[in-house]
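Visitor: The structure is given below, and queries will be raised subsequently.
The values are calculated or read from the model by the stated rules, or taken from the named source; none is laboratory data. All figures in this text were calculated on a predicted structure; none of them were measured in a lab. Methodologically, a virtual Cβ is constructed for each residue, glycine included, from the backbone with ideal geometry; neighbour enumeration extends over all protein chains shown. Each accessible area value is taken on the protein alone, full model and side chains, heavy atoms only, with ligands, DNA and RNA left out. Shrake-Rupley method; radii C 1.70, N 1.55, O 1.52, S 1.80 Å.
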Amino acid sequence: HYQPIVDLNSGRISAFEALLRWRAPPLGKVPPAEFVPILERTGLIQSVGEWVLESACEQVRSWQQRFARPDLSVSVNLSVRQIQDDSLVGVVRRALERSKLPGRCLILEVTESLLMTEPQRAANTLQRLSLLGANISIDDFGTGYSSLSYIKTLPVSGLKIDREFLSGVPDQPRDVSIVRGTLALAHSLGLTVTAEGIESKAQLAVLEELGCDLAQGYLLG
């Protein structure tokens, strides 16, 4: 599935996040929280991850051409096993080459907890991925309880405010303050901020007022 990510300045779709879903006839719709850990444990995450990368790049490249929107990007989540796999850089390179999608139009999302697993190895891999032109974004920002040092040492171009902090907006002052502070920190470092899990017009209004760059959620698509 592809969820649109909207530019709050222009109101236009600027990117899509590729979301993995599994429909199994005997089981119905199996949520990622159930099947992704199984993919991780069995090692299937590498082959499924490669398929996701190739499919997502090809899909967004076709939309770029169909709608004359060469700026459209796609965001793909990376897992711990993928980051630890030495073949990842080659997989990403092939996906870009086969789809003819420019590297700048691919956003690779990693979580804080992932970065803390073999941090030096993760840093080396992300540096190599950035040399392909891909953008690196921190997913679920603020939930990993990790050091902020990776923001200044890794080739990070953006971050996502987790829905956990947006669920209390606009009614909970502390949540609003956390969002405001995150935006100030990120923007001072030249990072683009995406708010995820937007489900109400009131949330969206606060984010626009605070100067958030991008947003996604069921309210928007």
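Visitor: Compute the Kirkwood hydrodynamic radius of the range 77-138, taking the inverse of the mean of 1/r over all pairs of distinct Cα atoms, and give it in Å to one decimal.
Guide: Numbers: mean 1/r = 0.0860 Å⁻¹.
Value: 11.6 Å, from the Cα pair sum.
Visitor: Determine by what factor the alpha-carbon radius of gyration of the range 45-92 differs from 2.2 N^0.38 Å, reporting the quotient. It would help to have the intermediate numbers written out before the result.
Guide: Numbers: Rg = 12.4 Å, N = 48, 2.2 N^0.38 = 9.6 Å.
My calculation over the Cα atoms of the range 45-92 gives 1.29.
Visitor: Rounding to the nearest 20 debye, state how big the charge dipole of the range 135-221 is about its Cα centre with +1 on each Lys and Arg Cβ and -1 on each Asp and Glu Cβ.
Guide: On the way: 6 positive and 11 negative charges, 48 e Å.
Result for the range 135-221 is approximately 240 debye, rounded to the nearest 20.
Visitor: For the chain, what does -39500 (n - 2.57) per DSSP helix run (n ≥ 4), summed and divided by total residues, give at 222 nm, in deg cm²/dmol to the nearest 500? Before the final figure, lay out the partial values.
Guide: Numbers: 10 runs with 102 residues, N = 221.
Helix contribution divided over all residues of the chain: -13500 deg cm²/dmol.
Visitor: Another one. Quick check on packing: order 173-185, 128-140 by the mean number of other C-beta atoms within 10 Å, highest mean leading. Present the calculation step by step, with values, prior to reporting the outcome.
Guide: Values: 173-185: 15.8, 128-140: 19.4.
Highest mean packing first, the order is 128-140, 173-185.
Visitor: Please report the carbon-and-sulfur percent of the accessible area for the chain; probe 1.4 Å, protein heavy atoms only, DNA, RNA and ligands left out. Walk me through the intermediate numbers first.
Guide: Details: 6010 of 11260 Å².
Looking at the chain in its full context, I get 53 percent from C and S.
Visitor: Here's something else I'd like to know. Cross-link candidates for residue 152: which lysines have Cα within less than 24 Å, leaving aside residues fewer than 8 places away along the same chain?
Guide: 160
Visitor: Taking every pair of distinct Cα atoms and averaging 1/r, then inverting, what Kirkwood hydrodynamic radius in Å comes out for the range 135-221?
Guide: Values: mean 1/r = 0.0769 Å⁻¹.
Mean inverse Cα-Cα distance, inverted, gives 13.0 Å.
Visitor: Kindly identify the range 14-148 as rounded, prolate or oblate by the Cα gyration tensor criterion: order the square roots of the eigenvalues as a ≥ b ≥ c, call it rounded if a/c is under 1.5, otherwise compare a/b with b/c, prolate if a/b is larger, else oblate. Could you put the intermediate results ahead of the total?
Guide: Working: a/c = 1.59, a/b = 1.10, b/c = 1.44.
Because a/c hits 1.5 or more and a/b fails to exceed b/c, the range 14-148 counts as oblate.
Visitor: Now for a separate question. Could you order the peptides 158-166, 20-28, 49-57 from most to least packed, using the average number of other C-beta atoms within 10 Å per residue? Don't skip to the end; give the middle numbers.
Guide: Values: 158-166: 21.6, 20-28: 9.6, 49-57: 19.4.
Sorting 158-166, 20-28, 49-57 by mean packing, highest first, produces 158-166, 49-57, 20-28.
Visitor: With a 10 Å cut-off between alpha carbons and a GNM built on the chain, which of 126, 148, 207 moves the most?
Guide: Comparing 126, 148, 207 in the GNM, the peak value goes to 148.
Visitor: For a quick check: with amide H placed at 1.01 Å from N, whose amide H comes under 5 Å from residue 17's, ignoring anything fewer than 5 positions away on the same chain?
Guide: 3, 5, 75
Visitor: How much accessible area per residue does the range 84-221 have, counting only protein heavy atoms and a probe of 1.4 Å, in square angstrom? Walk me through the numbers before you get to the answer.
Guide: Numbers: 6640 Å² over 138 residues.
Here the per-residue accessible area is 48 Å².
Visitor: Shifting gears a bit: Once you have the Cα-Cα distance between residue 187 and residue 42, take 0.36 nm times their residue separation minus that, and quote the gain in nm to one decimal. Let's see the in-between values first.
Guide: Values: separation 145, 0.36 × 145 = 52.20 nm, distance 3.96 nm.
Full-extension gain reported as 48.2 nm.
Visitor: Separation of the range 119-192 and the range 1-78 by C-alpha centroid, Å?
Guide: Centre-to-centre distance over Cα atoms comes out at 20 Å.
Visitor: Work out how far the C-alpha atoms of the range 1-86 reach from end to end along every principal axis, then list the three figures in whole Å, largest first.
Guide: Dimensions of the range 1-86 along the principal axes of its Cα atoms: 42, 34, 23 Å.
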